[in-house]
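Structure, as structure tokens:
The values are calculated or read from the model by the stated rules, or taken from the named source; none is laboratory data. Quick caveat, the model's predicted, so the values are computed rather than measured. Note that each Cβ is placed from the backbone with ideal geometry, even for glycine, and that neighbours are counted across all protein chains shown. When the accessible area is computed, the model is the full protein with side chains, heavy atoms only, and any ligands, DNA or RNA have been set aside. Shrake-Rupley method; radii C 1.70, N 1.55, O 1.52, S 1.80 Å.
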Amino acid sequence: MSLGTYYQNLETDVLAAMRKPSTLYWVALAFSGALFAMGMGLWGYQIMTGIGASGKMHPVGWALYITNFVFWVGIAHSGTLISAVLFLFRARFRSSFNRSAEAMTVIAVMTAGLFPLIHLGRVWFFYWLMPYPNQRHLWVNFRSPLVWDVFAVSTYFTVSLIFFYTGLIPDLAVARRHATGLKRWVYRVLSLGWEGKPNQWNHYNQLYMFLAAFATPLVISVHSVVSWDFAMSVIPGWHTTIFAPYFVAGAIFSGTGMVITLVVPMRKILGLEKYITIDHFESIAKILLFTSLIVSYAYIVEFALAYYSGNVFETAHFSYRLLGDYRYFYWMMLLCNSLLPLTLFFKPLRRNLKYLFILSIFVNIGMWLERFVIIITALAHDYDPYNWGNFAPTLVDVGIDIGSFGMFFMLFLIFTKMLPVLSITEVKEHAE
Amino acid sequence: MLKSARRPLVLAGGAATGQPGGLAVALLAGLLQWTLGAVGDAVDFASAYSFDRLGTCADLARLGQRLRAKEIGVLFISRIHSLAGQPGVAPAIDAAAFPVGLTDFLTPVYQRCRIILPVPHALEAWGDAEPRRGLLSLIRPVFRPFHDTRPELDILSTLAGGQAAAKSFLFDRWRPLPGGWWQNGFHQTRPAGVTPALRPAETLAAWQSASPAAQPAPLWLVVAPSLRTYDGRSRAIPLLHEIPDPLSTVSYGPFVSVSPETARRRGLSANDLLRSGNGANRLELPLHLQAGLPPDVWQIPVDALGDLELPIDARTGEAAAVMAGLTWESTGLHRKLPVLSGSTDATGRGITPGHRKEAHHHHERHTLLPPLEHKHYRWALAIDLDRCNGCSACVAACYLENNIAITGPAEHLHGRELSWLRIQPYFNRDEPPVLLPMLCQQCGYAPCETVCPVYATYHNEEGLNVQVYNRCVGTRYCNNNCPYKARRFNWFDYDRPAPLNLLFNPEVSRRPKGVMEKCTFCIQRIRAAKDLAKDQARLVRDGEVTPACAQTCPAGAITFGNLLDPGSRVSALAHSGRAYRVLEELGTEPAVYYLSKRVK
């Protein structure tokens, strides 16, 4: 097949995904939309009645909402890793994933950004968390990790969005070429008059490289900052310097898992098997295995430190994590994050898409549980035994969390229909 | 220990004398005291509490018999809110021809009255009292009655054919007393001193008749007065249930306690619903595992007695405080008790003083941060654990002073009570039990201050950790970071239906939902004292500011003052050899000093 025909087929195949949706799509969209609406409704109820509608209590002031916040930010990082970091390393295999990964990043950051609002006691004053000029000369407290979060996550969202959009421009031009009517007008506006001239390509490559370089350190810094919500505190289980690298590795790990969860069915449903191959998945699986090993190392270090520290508070807390009220969650987490990914040392399993898909679900569960365990056991069991107490979620907690998943999948489904799910430009570039 | 004490005192009462061998115990205690000598200045026999006009439980039982025998026509029941231990008396009230109730609370006893006359609160009416022999106290109303009530004195004096007004009735009887009673509010006569003398023959005779006959049965039920409602008489007051019992930390609901070791042996666990009873009277109570109880001793508070009858000692007329031979079985059901403490074992954590020797070096610093500097004041508290008996009056005072919301049993089961000050009991291994009042420590380097994103909490120049309610957005990071978990969050809007809204202290703002709150050493009182001092161009003197907890503590365990004032009481106490601070090795530099128990 000549290159020209290949390009034609590529464009047609990818843009075919944006055709009129099937019934299955509508059902999926309606379902995830309904979950999202339920989540929003429950949030409204919580605003009216108070945070007491959730299961939080004294001493566990943070529970499922912050778990979800960290979880979604973590998922977002993997997208940036695949699109930006792997780009800088010239990893060819990323080209089939990177568009979906970037979209996943942007959507995950949006979802994550809701949770600091949801967990606020007085959300109607959320803007006090931002330094805006005011007549009373009030600043935010720059020493607080929560303010660092505000800056980090908003920076990350802005950069990811711009990076995503920049990469989309040539593909939007392709879509514009094949579209008709209102859609054509929309794509024309969004593609900013792209014509594929050599100097435009020049600028595009330079900008894309710059943004990739700009986004790369954000992968490290943003999740380090999010982990410092915990590491900067004094309580045992949170107060440890390993959190920054541990969380960053964990973020890439959970994000890679989510990429597999999203791309395996998407590839099947949209018929993109020619462009997203098993080799690509095997490379992603290797990243999954590598980050799983780093996370397991972090678990070992945490326990070793607690054990030989001789500090009664540390040893008691870690015993509680392993053997206390939440032990089943902890053991499940170990199984999902440390043990199951070890099976990826076997090449046949790395190349088996069904296995990868199921494993990725477990990885997502395991990483969600990791955040849950860290946050809740540390708060439930700290210095003073009088204050120990257990958290149990309510329907509001669970409903809002499920609603966030609904939001994520709803937005991702919308993405698959509105924008090209493959980076046509990059696949063309690497088709030799 | 008694021999080496300077002024030994042997007290016998409660469960020690409320059992079949109780009279013998009382006699022995008296004899022991007599042999130790030096009673004179330790005990004042002349000004004893005035129980002369009170009846005993035996009298109450006799009343029940007379009622059942239809000997009573008109019966006045005034402010009797509990007949615990005498289940036969309340039903007998129906047998009176015309039972009249005079009360401010409508409790079950009053359901049986033919007519109920509402009387005002004690603070709303004239009256008098004789708390001790020779001490007559005049009671003056503080405000007009809120509701349509008539004082008891009014009602009774009218019925006696006398004047209608309670005030004139009272004054007619007080006027003859020697002058000064109106200004002082009391009249005191010094009764002739009583010198105790031992009468050997009578003592021996009493001893012989008092010796207990039978061997005690192995299973003991101790019926203890409830610290909060005594025998249930003030059960109608919600605050008394909101504040937990200090030893068990159970807030709402009656319960039965036993030691964890006994429960384990009997195959019982916490919150099991147990049934006990002998014969007709059955009692169903959830189980609470109480550290510090000896094995095979079951304990219930008097207000949990329900229909259980307490045997009355014919010689003293009092109800027994200990019953033997009661069995407890599990019903198979559970009833969750709101227990506010997570665990009462803090062994090895440095929270309790342990066997701390005196002259503990508590001023070494545990932080690399520079020492704090304060200009005129560094407010501090010294809490004497030797004097604190866990009565929780400070907790109640704090609730009332600071408009703290009462959250109720459902929220307590969730662990969401709002107490700013709480009594934390610790039963550590190899240490004496400790009752530790815990509150915001006003840390010099407070972990909560650095993490609040909006500066709702910051350190003021007087050493206080200040909470700005209207700036708080409710991220709850401050309480997460507090090692003492001293802060409380308003999970909901808590309302107080009328007339309880009259209890609000207008000097303290009410917090809406979503806002963190905590103790700030009654900053409203500090501010008032500072304003007064400023008017007089001076600094606040020691003793001018008293937070609600210090003001209310009956044992004087809490001392407040300015640590920078070398002459202040709190300065002296904070520098004493007994002083220590909780978790100070975390580098928080708290302003609350605890004084460990005096250990020889």
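By the rule of a C-alpha distance below 14 Å, with chain neighbours fewer than 8 residues away ignored, the aspartates and glutamates paired with residue A:428 are A:11, A:13, A:171. The Stokes-Einstein estimate for chain A, based on a Kirkwood radius over Cα pairs and taken at 4 °C with 1.567 mPa s viscosity, is a diffusion coefficient of 57 µm²/s.
For the range B:536-600, the average shadow cast by the Cα convex hull is 6.1 nm², which is a quarter of the hull's surface.
In this structure, the pairs whose alpha-carbon distance is over 28 Å, taken from A:274/A:347; A:20/A:286; A:268/A:347; A:183/A:354; A:20/A:197; A:56/B:336, are A:20/A:286; A:183/A:354; A:20/A:197. The residues of the range A:1-150 expose on average 40 square angstrom of accessible surface per residue, using a 1.4 Å probe on protein heavy atoms. Helix A:395-418 axis versus longest C-alpha principal axis of chain A: approximately 10°, rounded to the nearest ten.
For peptide B:468-474, the mean count of partner chain Cβ atoms within 10 Å of a residue's Cβ comes to 4. Against the longest alpha carbon principal axis of chain A, how many degrees, from 0 to 90 and to the nearest 10, is the axis of helix A:3-16 turned? That helix lies at roughly 50 degrees to the long axis. Loop-resident trypsin sites (Lys or Arg not before Pro) (DSSP state other than H, G, I, E or B) in the range B:406-437 with no more than 13 further Cβ atoms inside 10 Å of their Cβ: B:429. The mean count of C-beta atoms from other chains within 10 Å of the C-beta of residues in A:54-66, rounded to a whole number, is 5.
Model label points for residue B:400 and residue A:22, set 7 angstrom from Cα along the Cα-to-Cβ axis, are 7.3 nm apart. Taken over the Cα atoms of the protein assembly as shown, the convex hull encloses 237 Å³ per residue. By the rule of a second cysteine Cβ within less than 4.7 angstrom, chain B holds isolated cysteines at B:57, B:113, B:388, B:391, B:398, B:443, B:452, B:472, B:482, B:522, B:553. Computing FRET efficiency as 1/(1 + (r/R0)^6) for residue A:126 and residue A:354, where r is the C-beta to C-beta distance and R0 is 56 Å, gives about 0.80.
If one takes the accessible area of chain A alone plus chain B alone and subtracts that of the pair, with a 1.4 Å probe, what total in Å², rounded to the nearest 100, results? Its buried surface, counting both partners, is about 4300 Å². Between the alpha-carbon centres of the range A:206-275 and the range B:311-329 there is a gap of 69 Å. Coupling constants for the range A:376-382 follow from the phi torsions by the Karplus curve (6.51 cos²θ - 1.76 cosθ + 1.60, θ = phi - 60°), and in residue order they are 7, 5, 5, 6, 6, 9, 10 Hz; glycine and proline get x.
When the GluC sites (Glu not before Pro) in the range B:418-491 are filtered for DSSP coil states and for at most 16 other beta-carbon atoms within 10 Å of their beta-carbon, the remaining sites are B:461.
Helix A:243-270 and the long axis of chain A differ in direction by around 40°, with both axes built from C-alpha atoms. DSSP finds beta bridges in chain B, and of those with both partners inside it, around 65 percent are antiparallel.
Once the 1.4 Å probe is applied to the protein heavy atoms, chain B comes out at 49 Å² accessible per residue.
The loop-placed trypsin sites (Lys or Arg not before Pro) in the range A:26-97, going by DSSP, that have at most 11 neighbouring Cβ atoms within 10 Å of their Cβ come out as A:90. Distance from the alpha carbon centroid of the range A:343-410 to that of the range A:73-89 works out to 21 angstrom. Bridgeable lysines around residue B:530 (alpha carbons under 23 Å apart, same-chain partners fewer than 8 residues away excluded): B:375, B:518. Contact-buried residues of the range A:382-409, at a threshold of 30 Å² lost accessible area versus the chain by itself: A:382, A:383, A:384, A:385, A:386, A:387, A:388 (1.4 Å probe; DNA, RNA and ligands ignored). In this label model, residue B:139 and residue B:168 are separated by 2.3 nm, measuring between points 7 Å along each Cα→Cβ vector. Pop out the carbon and sulfur fraction of the accessible area of chain B as a percent, whole number, probe 1.4 Å. Ligands and nucleic acids excluded, carbon and sulfur reach 57 percent. Partner aspartates and glutamates whose Cα lies under 19 Å from the Cα of residue B:3, excluding those fewer than 8 positions away in the same chain, are identified as B:41. Spin-label model, residue B:410 to residue B:128: label points 7 Å out along the Cα-to-beta-carbon direction sit 5.1 nm apart.
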